[in-house]
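Here is the structure we will look at, set down as structure tokens.
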Amino acid sequence: MGRHVIARADEIAPGKSKRVEVEGRDIAVFNTGTGYRAVTNRCPHEGADLCRGIVARFVDAEGPGEFTVVEDKVMVRCPWHGWEFDLDTGRSYCDPNRVRVKSFEVAMEGPDGRVAGPYSVETFEVAAEGAMLVLTI
Amino acid sequence: MLDDATPTIGPIAGLGAIDCDVHPRLPVTADLLPYFDAYWREQAPYRNIDRLELTGHPVSLPPYRREGAANGTAAEIASGLLDPNGLSAAILTLVNGTQALYDPYMADAFCQATNRWLAAEYLDADPRLRAALVVPFQHPEAAAEEIRRHADDRRFVAVVALAMGERPLGQRANWPIYRAAAESGFALSIQSGNVYRHAPTQAGFPSYLVEERTHMAQAAASQTMSLLSEGVMTEFPDMKIVMAGTGATWIFGMSWRVAKDWRGARVETPWIRESPEKILERQLRLTVGPFDAPSDMDPVLVDVIGSPDMLLYSSDYPHAHAGPAGAWPRALPEDLAPALARTNPQETYPRLEV
């Protein structure tokens, strides 16, 4: 598992994304406004670039017309067919057991090199380290 | 593959089967007079109103009526269907023009009178008979009242809707009807009638009968999508939706396609919280008489429909189909007969006591 500086933190504005290549992998990095998330850039459905997808809070409804927005659940919507993936887990809402994208950890790191957030074999981390974004793979 | 082998009632013999789709004759004004109020008792003859026949259901024409079943009275249904097939119950669904009238108060009056006539002429005459209420979809509040009036008469087990009405059935204007139905466990029985507010196909008016008959399935699919998307299937889980007389093969492509397209359009209807085919499997029921699948595809047929729980035995009597009245569809495995003719109807129509 290696850690890679992938961008300057101010390079990805809130709500925007950036496609990066790390160790030969195509990765979509998002600034959700409250933090950074990274997932495989390739949609498992037909391979569209998820970095081009709209990021939005998860919408739910108790009943018809009773819309709610789940603030802490952030989804990326595939630009081709609209499939939504949870940026924290990589899971598809519609078919969570079969369809998922790999998620990575992204962290913003200070100059001392400390990494915020846990490591995981399943997820990768992206952090802004001072002015630089560091992705761990 | 079409084949000529004659189907038989074999698989349902001895089961005390429940027939989920049987049609009474259409009442004429003289039949309804005793059940009208003073205004309509005068007005119906005054306006020369006779049988309210739907344009698309000319019941007087031979193809719509089994030979020898011209009367469609309770006695005739008993001798032509209930007795020979040993049925324990048969559910009458009346498809006529009451739901096509423009005048909402007239529709209400004719529906009320028709339901009272059904009770007197059929339900009182034979304890095996049950019926679906005819209610005015033109006037949903009155329709809901009519359903609540019959909440204690458990011989009425369903509410009739037409597959091709004024607007998609799932829309909120109709919800008073579904709320009343669900409260008392009525099913919604959707019949392939047309009020001709719109062309009978999504592409416009066809030239030939074969087109119109074939495209009935489009209406069934449209109403299924409406009731699913608008949330009726999830808001009123106590009201099963029965698609009657439209076959089952239209469901294959539709349920697959909606399960797929829902993944991309879920944000519009987030009240659909699980893959649509699971909701359809729970709420949608399809009658099997007439059935529209070839007999050589039975091993996979039920799987692609969804589940054997979705199928209901029916004869569509007195409409003419191959074989004796109530013959078992050759495309379906015979070992499904107890489920289709007993278990599934009892779960679909909780008011039905047999």
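Below are the figures for this structure:
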| item | result |
| --- | --- |
| B:SER307 versus A:ALA13: modelled label distance in nm, points set 7 Å from Cα along the beta carbon direction | 5.0 nm |
| Shape call, region A:3-136: gyration tensor on alpha carbons, a/c limit 1.5 | prolate |
| For the protein assembly as shown: rounded, prolate or oblate by the Cα gyration tensor [a/c cutoff 1.5] | prolate |
| Candidates B:ALA181, B:ALA74, B:ALA125: whichever shows maximal mean-square fluctuation once chain B is modelled as a Gaussian network with Cα springs under 10 Å | B:ALA125 |
| Shielding by partners - mean other protein chain Cβ count within 10 Å, residues of A:61-68 | 5 |
| Dimensionless Rg over Rh [chain B; C-alpha; Kirkwood] | 0.94 |
| Candidates A:VAL39, A:VAL69, A:VAL101, ranked by Gaussian network fluctuation over chain A, Cα under 10 Å, top entry | A:VAL69 |
| Whichever lysines have a C-alpha closer than 26 Å to that of A:LYS18, once near sequence neighbours (fewer than 8 apart) are set aside | A:LYS73, A:LYS102 |
| Whether region B:202-354 is rounded, prolate or oblate, judged on the alpha carbon gyration tensor where a/c under 1.5 counts as rounded | oblate |
| Under 5 Å, built H, 5+ apart or other chain: amide partners of A:TRP83 | A:CYS78 |
| Shielding by partners - mean other protein chain Cβ count within 10 Å, residues of B:269-281 | 3 |
| Span from the region B:299-354 Cα centroid across to the region B:88-106 one, whole angstrom | 23 Å |
| Helix-only CD estimate at 222 nm, as mean residue ellipticity for the protein assembly as shown, using -39500 (n - 2.57) per DSSP H run (n ≥ 4) | -6500 deg cm²/dmol |
| Spin-label pair B:ASP124/B:TYR102, simplified geometry with 7 Å Cα→Cβ offset, distance in nm | 3.6 nm |
| Given chain A, longest segment not containing exposed loop GluC sites (Glu not before Pro) (DSSP; at most 11 other Cβ within 10 Å) | A:67-121 |
| Note, ³J(HN,Hα) from phi for region B:168-173, Karplus 6.51, -1.76, 1.60, rounded to Hz, x at Gly and Pro | x, 5, x, 5, 4, 4 |
| Sites excluded, trypsin sites (Lys or Arg not before Pro) in DSSP loops with at most 11 other C-beta within 10 Å, longest stretch of chain A | A:1-97 |
| Residue-averaged beta-carbon neighbours from other chains (10 angstrom radius) around B:258-264 | 4 |
| Order of B:VAL134, B:VAL302, A:VAL20, B:VAL28 - criterion: other Cβ atoms within 10 Å of each residue's Cβ, fewest first | B:VAL28, B:VAL302, A:VAL20, B:VAL134 |
| Straight-distance crosslink candidates among lysines, where the alpha carbon sits under 22 Å from B:LYS278 and sequence neighbours closer than 8 are dropped | B:LYS240, B:LYS260 |
| Cut-off under 5 Å, modelled amide H: who pairs with A:LEU133 long-range | A:ILE6, A:ALA7, A:ARG8, A:ALA9 |
| Gap separating the Cα centres of region B:29-47 and region A:24-65, nearest whole Å | 65 Å |
| Phi to ³J(HN,Hα) by Karplus 6.51 cos²θ - 1.76 cosθ + 1.60 over region B:191-207, Hz, x for Gly, Pro | 9, 7, x, 9, 8, 6, 6, 9, 5, x, 10, 6, 9, x, 6, x, 8 |
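No lab work stands behind these numbers, since they all come straight from the coordinates. This is a predicted model, so every value here is computed, not measured. Because the Cβ atoms are built from the backbone with ideal geometry, glycine has one as well, and the counts that use them run over all protein chains shown.
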